[in-house]
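The values are calculated or read from the model by the stated rules, or taken from the named source; none is laboratory data. In this text the structure is predicted, and so the values were computed from the model without any measurement. Because the Cβ atoms are built from the backbone with ideal geometry, glycine has one as well, and the counts that use them run over all protein chains shown.
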């Protein structure tokens with residue numbers, strides 16, 4: 001089981017069997033298989049009357065994996081791609097497997113709030129090669145007696161119905177999955193059945209091989225060991241080094257507003273040093289502050305240009321953020337850039353504003369303790385496993 005490690009070992013290659021590095025697996029997949037990219041493959045969970053969980057179609061998120069920054073996510077990205085390969089080449093994987101089937105491919109991401117876990121789930125949901133059902137832990141719980149324990153199987157059965165219809169591998173993504181099992185640590189409540197039900201579904205007698213469960217948690221200590229052992233990939237994510245923080249800050253700042261070309265990569269590294277210990281959410285707060293000051297100044301002092309840009313964005317069927325092209329973004333940035341540009345002093349001002357905030361200081365200390373404890377939990381899981 002690949003738990004909590006981004007390192008991999010490469011097997012010896014047979015003579016004359018070099019890798020086909022010039023051919024991307026996704027390109028090969030798309031050339032050989034007819035994938036309906038216009039077909040929506042994203043669903044969410046709703047609670048119907050009497051506490052019954054149902055799966056309903058929803059608008060697909062728009063997040064790319066290259067928008068998820070940080071080396072700590074490399075293992076999860078690699079694991080995700082391996083699921084794609086094993087799904088398409090299922091027969092090959094099954095016939096060579098010691099268990100005569102494709103191994104379970106459930107994944108658990110552990111990280112503090114705001115580190116990018118949910119963004120990773122959105123990137124999975126955005127991938128057209130898969131069906132994705134999104135749920136939160138609270139979607140399973142109900143006050144109707146006897147219904148909550150039936151909801152996990154309802155979810156898995158509806159997932160299998162979608163698989164039979166669409167013939168794509170299916171991801172069940174459950175945010176804050178620990179909330180399903182927190183009652184195990186509080187014996188006065190009687191939700192132990194959820195643990196038993198999920199244990200049975202994840203590796204019981206019933207076959208749900210086309211389904212991968214991907215959960216996230218910021219409270220792994222609330223999850224029973226018996227559940228943790230059923231994830232084939234567990235990793236702590238969201239920790240960033242100086243380079244990661246610099247790249248993420250640059251990404252946020254340059255996405256939609258003009259930044260002075262006087263700011264070099266070395267400047268971003270210096271900014272990142274001042275953001276030591278932060279998560280992606282805190283870095284985004286810095287970028288949000290810079291953006292707000294620039295765009296407010298532009299709208300206040302150049303109202304006609306602001307109105308012209310709105311008309312430009314609305315000229316084709318009205319404004320929808322998901323339909324904005326890179327050409328349109330560049331035009332908006334160029335127009336604003338003729339009036340205002342982000343400079344180093346402005347970035348520094350908002351870094352100081354965020355990093356001197358008392359609540360952020362408490363959050364940074366909580367993040368430091370979280371990663372220390374999370375690594376210990378994963379280490380113990382590896383020892384038990």
Could you list, in sequence order, all residues of the range 20-45 that are within 21 Å of the chain's Cα centre (by Cα) and either modelled with pLDDT under 60 or not in a loop (DSSP other than H, G, I, E, B) (or both)? 26, 37, 42, 43, 44, 45
How many of the residues in the range 49-81 are in contact with a strand residue (DSSP E or B) (Cβ under 9 Å, 6 or more places away or on another chain) and surrounded by fewer than 13 Cβ atoms within 10 Å (Cβ to Cβ)? 3
Before we move on, is residue 316 exposed (fewer than 15 other Cβ atoms within 10 Å of the Cβ) and outside any helix (DSSP H, G or I)? yes
Condition first: more than 28 Å from residue 326 (Cβ to Cβ) and more than 22 Å from the chain's Cα centre (by Cα). Can you find one or more residues in the range 226-248 that meet it? yes
How many residues of the range 124-157 are within 17 Å of residue 208 (Cβ to Cβ) and surrounded by 17 or more Cβ atoms within 10 Å (Cβ to Cβ)? The answer is 11
Consider the range 65-104. How many of its residues are at pLDDT 90 or above and not in a helix (DSSP H, G or I)? 3
Can you run down the residue pairs with Cβ atoms below 7 Å, 6 or more apart or on separate chains, where the first is in the range 64-92 and outside the structural domain of residue 278 (by TED's automatic domain parsing) and in contact (Cβ under 8 Å) with a residue 24 or more places away in the chain and the partner is part of a helix (DSSP H, G or I) and exposed (fewer than 14 other Cβ atoms within 10 Å of the Cβ)? 85/25
Where residues in the range 111-144 are under 25 Å from residue 370 (Cα atoms) and assigned to a loop (DSSP other than H, G, I, E, B), which of them is nearest to the chain's Cα centre (by Cα)? 116
Can you pull out every residue in the range 327-351 that is more than 17 Å from residue 250 (Cα to Cα) and either assigned to a helix (DSSP H, G or I) or in contact with a strand residue (DSSP E or B) (Cβ under 9 Å, 6 or more places away or on another chain) (or both)? 327, 328, 331, 332, 334, 335, 336
Qualifying position, being out of contact with any strand residue (DSSP E or B) (no Cβ under 7 Å at 6 or more places or on another chain) and more than 16 Å from residue 84 (Cα to Cα), among 117, 153: 153
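Rundown of residues vs (1) assigned by TED's automatic domain parsing to the domain that holds residue 110; (2) touching a helix residue (DSSP H, G or I) at 6+ places or on another chain (Cβ under 6 Å); (3) more than 27 Å from residue 268 (Cα to Cα), yes/no style:
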{"position": "314", "(1), (2), (3)": "no, no, yes"}
{"position": "323", "(1), (2), (3)": "no, no, yes"}
{"position": "332", "(1), (2), (3)": "no, yes, no"}
{"position": "345", "(1), (2), (3)": "no, no, no"}
{"position": "349", "(1), (2), (3)": "no, no, no"}
{"position": "359", "(1), (2), (3)": "no, no, no"}
{"position": "371", "(1), (2), (3)": "no, no, no"}
{"position": "376", "(1), (2), (3)": "no, no, yes"}
{"position": "379", "(1), (2), (3)": "no, no, yes"}
Does residue 232 satisfy being farther than 21 Å from residue 277 by Cα and without any contact (Cβ under 8 Å) to a residue 40 or more places away in the chain? no
